[in-house]
There are 4 protein chains.
Amino acid sequence: MKKVSVILEVPFFDVDAMQIVWHGHYVKYLEIARCELLRTFDYDYPQMQASGYMWPIVELNLKYRGSARFGKKIEVVATLVEWEHRLKINYRITDVESGQTLTKASTVQVAVDQATQQLCFESPKILLSKLGIEA
Amino acid sequence: MKKVSVILEVPFFDVDAMQIVWHGHYVKYLEIARCELLRTFDYDYPQMQASGYMWPIVELNLKYRGSARFGKKIEVVATLVEWEHRLKINYRITDVESGQTLTKASTVQVAVDQATQQLCFESPKILLSKLGIEA
Amino acid sequence: MKKVSVILEVPFFDVDAMQIVWHGHYVKYLEIARCELLRTFDYDYPQMQASGYMWPIVELNLKYRGSARFGKKIEVVATLVEWEHRLKINYRITDVESGQTLTKASTVQVAVDQATQQLCFESPKILLSKLGIEA
Amino acid sequence: MKKVSVILEVPFFDVDAMQIVWHGHYVKYLEIARCELLRTFDYDYPQMQASGYMWPIVELNLKYRGSARFGKKIEVVATLVEWEHRLKINYRITDVESGQTLTKASTVQVAVDQATQQLCFESPKILLSKLGIEA
């Protein structure tokens with residue numbers, strides 16, 4: 001199972017008037033981990049584009065359980081959980097020092113053929129090939 | 001039923017390398033509409049804080065169906081759908097020109113007592129009072 | 001002299017832990033006013049691109065004199081001050097309620113020929129024509 | 001002379017429709033390096049606040065000479081150049097692979113006494129003490 005972990009440090013500009021990370025900024029943390037995950041099988045955005053497909057996010061879900069604060073280290077674990085018809089990735093963000101889970105999230109992406117602009121109902125062969133799965 | 005509509009224009013800095021609004025920026029559009037909705041019953045962030053409660057977002061869900069582009073006008077409709085135990089707001093974002101639905105979303109907020117930092121399992125009376133509901 | 005004024009409202013997500021707009025977000029406010037200014041002579045980003053030129057920002061200067069706060073209305077006045085060799089725009093941001101000047105800023109853009117990727121040391125004719133100036 | 005270097009990787013969400021980092025996002029890169037620099041003498045935002053002073057940015061200048069792109073590593077070097085009356089920091093951002101200078105920048109911060117909200121025309125003793133300079 002494809003899985004990565006990245007460690008980030010909360011920057012000052014992500015913290016809101018409540019002294020905690022503004023909830024929308026977690027979407028950035030997810031993307032940093034997602035790109036790292038996609039790179040483990042050589043299929044990050046540039047490779048997607050080169051392969052003739054875009055993979056827009058069609059679904060994004062976040063549950064917030066705790067608050068990240070300025071200067072704190074957070075770990076984002078991203079796990080690939082679906083790939084046959086769509087790319088589904090689950091995420092867990094934890095505070096490194098306390099081990100507390102801050103956020104659980106998931107994203108769903110689908111392939112869109114750049115030439116036809118059509119949505120693909122099955123993942124294109126290139127993805128399965130990158131993942132080392134025989135189509 | 002409490003409901004508002006706001007019209008926004010997509011700024012250049014929200015558009016990504018695919019020439020469409022980066023998916024994370026929609027969270028900002030939701031917040032602009034949410035604050036507008038909360039103001040219709042005089043309970044935006046400053047009033048929340050003055051009332052002794054914070055209302056952090058605990059859940060955020062987005063489904064993307066279309067793409068907003070630079071300079072386009074988009075409408076964000078926010079509707080209050082739950083208030084007894086938590087604040088749940090539904091959103092629909094449409095492209096003004098074409099009428100196409102771009103995004104459907106929802107957020108859930110819960111009250112946290114500022115003094116005790118305890119989560120409230122029922123909405124505090126101040127919210128119901130602001131909404132004109134007898135507790 | 002080309003000049004526009006836009007009124008913006010400070011969103012919650014632009015406010016930092018000090019309860020004031022994070023200094024970097026003013027760059028967005030400048031861009032909103034700049035695009036509005038460029039539209040008065042039909043030369044916003046899409047028209048720039050169609051004309052065969054990019055106009056990257058090469059210089060950005062800001063002086064901060066006051067702080068914008070959540071929910072406040074701010075006015076951004078953008079004035080075109082140079083166009084022969086480069087586009088220089090001056091900005092003044094004021095708090096609408098108090099009239100206090102919050103920020104003074106300027107940006108400089110130069111034309112880059114998309115075909116050759118060469119910097120233009122004189123503004124291309126298309127700009128002067130859009131501005132109604134005989135080249 | 002106080003000086004730090006940080007290496008960052010350009011995230012997808014910082015790249016604009018021109019496939020380059022949107023010019024406003026460099027302000028974030030400066031802040032990441034600045035916080036790192038301030039930590040070398042134990043005077044980052046939390047320590048500033050604890051010392052009874054805020055240090056708002058009053059001036060920000062950027063010159064753009066090249067473009068950072070998605071996935072590229074960039075180095076931000078921050079150097080403390082003034083401290084007696086104000087904190088002035090110079091920055092240089094370079095593309096790690098090519099060594100090309102992308103951006104030169106500077107920020108100026110002044111001390112504001114939290115109790116009186118008055119601007120300090122000389123740097124408070126705490127700063128000089130942190131810097132190991134006898135007042």
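The values are calculated or read from the model by the stated rules, or taken from the named source; none is laboratory data. Please read these numbers as outputs of a predicted model, since none were measured by experiment. Positions of Cβ are generated from backbone atoms using ideal geometry, with glycine treated the same way; all protein chains shown enter the neighbour counts.
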Across segment A:87-98, what is the total count of residues that are touching a residue at least 60 places away in the same chain (Cβ under 8 Å) and of a type in the set (Val, Ile, Thr)?
-> 2
Determine whether A:ASP44 is among the acidic types (Asp, Glu) and over 15 Å from the mean Cα position of the chain (by Cα).
-> no
Whichever residue in segment D:94-112 is touching a Phe, Trp or Tyr at 6+ places or on another chain (Cβ under 6 Å) and of a type outside the set (Ser, Thr, Tyr) and, among such residues, is nearest to C:TRP22 (Cα to Cα) = D:GLN109
How many residues are within 30 Å of C:PRO46 (Cα to Cα) and surrounded by fewer than 21 Cβ atoms within 10 Å (Cβ to Cβ) when one looks only at segment B:32-43?
-> 1
Within segment D:87-111, which residues are surrounded by fewer than 21 Cβ atoms within 10 Å (Cβ to Cβ), in a strand (DSSP E or B) and among the aliphatic types (A, V, I, L, M)?
-> D:VAL108
Is it the case that segment D:50-72 has a residue that's over 28 Å from C:THR107 (Cβ atoms) and among the hydrophobic types (A, V, I, L, M, F, W, C)?
-> yes
Return yes or no: is D:SER123 among the hydroxyl-bearing types (Ser, Thr, Tyr), in a loop (DSSP other than H, G, I, E, B) and under 30 Å from A:ASP44 (Cβ atoms)?
-> no
Of the residues in segment A:112-135, those that are buried (at least 19 other Cβ atoms within 10 Å of the Cβ) and either free of Cβ contacts under 8 Å to residues at least 12 places away in the same chain or among the small types (Gly, Ala, Ser) (or both) come to A:SER123
Just name the residue that is farthest from B:GLY24 (Cα to Cα) out of those in segment B:89-112 that are within 14 Å of chain A (Cβ to nearest Cβ) and not aliphatic (A, V, I, L, M).
-> B:GLN109
A:ASP113 is checked against (1) more than 25 Å from A:LEU62 (Cβ to Cβ); (2) at pLDDT below 95 and fails just one. What number does that condition carry?
-> (2)
When segment A:57-86 is examined, which residues are found to be more than 14 Å from A:ILE7 (Cβ to Cβ), surrounded by 15 or more Cβ atoms within 10 Å (Cβ to Cβ) and within 13 Å of the chain's Cα centre (by Cα)?
-> A:ILE57, A:VAL58, A:GLU59, A:LEU60, A:ASN61, A:LEU62, A:THR79, A:LEU80
Grab the strands (runs of 3 or more DSSP E) fully contained in segment D:1-86, keeping just those with 1 or more residues being of a type in the set (Phe, Trp, Tyr), within 13 Å of chain C (Cβ to nearest Cβ) and touching a residue at least 40 places away in the same chain (Cβ under 8 Å).
-> D:57-64
